[in-house]
Amino acid sequence: VFLLDCGTMTIDRSQVLWNVDCGVRLRFPIYSVLVDHADGLFLFDTGHDLEHVARTFPWEQAGREPGQGVVEQLRACGYEPGDVRYLVNSHLHFDHVGGNRFFPGATTVVSRAELRQAKVPESFERLAYSDQSFDHEDVRYELLEDDTELAPGLRLFETPGHSAGHYSLVVEPGGGQRAMLFTFDAAYTDENIEREIVSGFHLDPVAGTRSLRRIRKLARDHDADVFVAHDAAAFARYRRAPQSYGDGSIG
Ligand SMILES: [Zn+2]
């Protein structure tokens, strides 16, 4: 299991924790998750497209250091884009789909409800879904409903609220390794979970709050380490590619 550093972006802290510390800017990390599995290579999310962000949200000051970015990081781990068999999107916001188009040979796995919402968003969601490059001409979708086992040791759990069809991921590597729970945007930071406060951007804050509780329960039930999406302090503690969690493939 590899965490691929895709760069950073700045936002207001009240977007991280709804209505907390308005006017405080912070820079947060954006990353993808790569899982080498016996059933094939699984990639979860693809970061942001720098040019798209510069054009559409110049105030978010997207950043990327040399070597960052989903393709660069994948290569640093010894893989090529063509090796990815399944591209799974936790949801379809721009900072999670920006590199999808680099994987035309992969099957794109996403929630059916999420794809529908991305195509016909609420007015306030339009910017979040402004990067539609995931819907390229070679795309092949596998659309999901409900909780889903993708492959042995890889399970998606519905955690809606931040967006219509949002999924979080539990990886159970086996071999005595601890389970890993990737919340994706159901929790930007550890503080969202601890204080049970949803992020400032959301479709349904009530559903999002239920999802935060579900994350806590999933972590307990699976005795999993929790990996949040956009927490600079937490990300600095995580093992980042080309280092990995465990060696060899899962399943
Ligand atoms: Zn999001």
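Things to note:
- Every test in (1) on the phi < 0 side of the Ramachandran plot; (2) part of a loop (DSSP other than H, G, I, E, B); (3) charged (D, E, K, R) is passed by residue 146 save one, and that test is (1).
- Number of the condition not met by residue 247 [criteria: (1) modelled with pLDDT under 95; (2) within 17 Å of residue 44 (Cα to Cα); (3) of a type in the set (D, E, K, R)]: (2)
- Residue match in segment 75-86 (condition: surrounded by 21 or more Cβ atoms within 10 Å (Cβ to Cβ) and more than 26 Å from residue 245 (Cα to Cα)): no
- For segment 10-60, the set of residues classified as part of a loop (DSSP other than H, G, I, E, B), in contact with a strand residue (DSSP E or B) (Cβ under 6 Å, 6 or more places away or on another chain) and under 24 Å from residue 209 (Cβ atoms) consists of 45 only.
- Sub-8 Å Cβ pairs linking a first residue in segment 187-209 that is over 14 Å from residue 231 (Cα atoms) to a second residue that is away from the ligand (no atom under 11 Å from the Cβ) and of a type in the set (Asp, Glu), at least 6 apart or interchain, are 197/191; 200/12; 203/122; 209/196, ordered by first then second residue.
- Complete set of residues in segment 32-52 that are closer than 23 Å to residue 12 by Cβ and within 17 Å of the chain's Cα centre (by Cα): 45, 47, 48, 49, 50
- Of the listed requirements (1) touching a helix residue (DSSP H, G or I) at 6+ places or on another chain (Cβ under 8 Å); (2) surrounded by 17 or more Cβ atoms within 10 Å (Cβ to Cβ), residue 179 misses just one: (1).
- Taken over segment 88-121, the residue count meeting the criterion of being of a type in the set (A, V, I, L, M, F, W, C) and more than 16 Å from residue 146 (Cβ to Cβ) is 8.
- Single residue of 172, 149 found to be more than 16 Å from the ligand (Cβ to nearest atom) and either free of Cβ contacts under 8 Å to residues at least 12 places away in the same chain or among the basic types (Lys, Arg) (or both): 149
- The set of residues from segment 85-103 being within 27 Å of residue 60 (Cβ to Cβ) and more than 16 Å from the ligand (Cβ to nearest atom) comprises 87, 101, 102, 103.
- Matching entry among 165, 208 (being under 16 Å from the mean Cα position of the chain (by Cα), within 21 Å of residue 14 (Cβ to Cβ) and either within 16 Å of the ligand (Cβ to nearest atom) or at pLDDT below 95 (or both)): 208
- Here residue 150 meets each of (1) under 22 Å from residue 32 (Cβ atoms); (2) touching a helix residue (DSSP H, G or I) at 6+ places or on another chain (Cβ under 9 Å) with one exception, condition (2).
- In this structure, residue 203 does not satisfy being within 16 Å of the ligand (Cβ to nearest atom) and assigned to a helix (DSSP H, G or I).
The values are calculated or read from the model by the stated rules, or taken from the named source; none is laboratory data. All values reported here derive from a predicted model rather than from experimental measurement. Don't worry about glycine lacking a Cβ; one is built from the backbone with ideal geometry, like all the others, and counts go over all protein chains shown.
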